[in-house]
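Down below is the structure, laid out as structure tokens.
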Amino acid sequence: MKHRIVTAAQMKAIEQAGNAHSLPYLQMMENAGLAAYAELKNVLPQPGSLLVVCGKGNNGGDGFVIARAAAKEGWKMGGGHPARYLESVARLRQVQRGLPELLYVFS
């Protein structure tokens, strides 16, 4: 896969174009998280311990996808998110109804 570096403004435009062509933001987040997890497995192929810390930024959801995928494959998980973001996670869960499982929330 060829990689390129884009600015935040360029990434926003790319995401908006994807959304306009029926690729929901939540699916983009799932795709990004799974791609990042695949890269992690290239470097660390055997499950071990993994700490995923997700904040309020746009990449927080990608981190939840990474954590969910890793936990499913036997990684010992730590981390999570600050309690003040639980409301945002609840809203995302409402939005994702009908989409494949997306978020794995650690408490």
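The values are calculated or read from the model by the stated rules, or taken from the named source; none is laboratory data. Please read all numbers here as calculations on a predicted model, not as lab measurements. Calculation scope for accessible area: heavy atoms of the full protein, side chains included, ligands and nucleic acids excluded. Shrake-Rupley method; radii C 1.70, N 1.55, O 1.52, S 1.80 Å.
Brief remarks follow.
- With all protein chains in place and a 1.4 Å probe, the accessible surface of region 1-45 carries 62 percent carbon and sulfur.
- Zero-based 10 Å bins, Cα pair distances in region 10-58, whole percents: 21, 42, 27, 10
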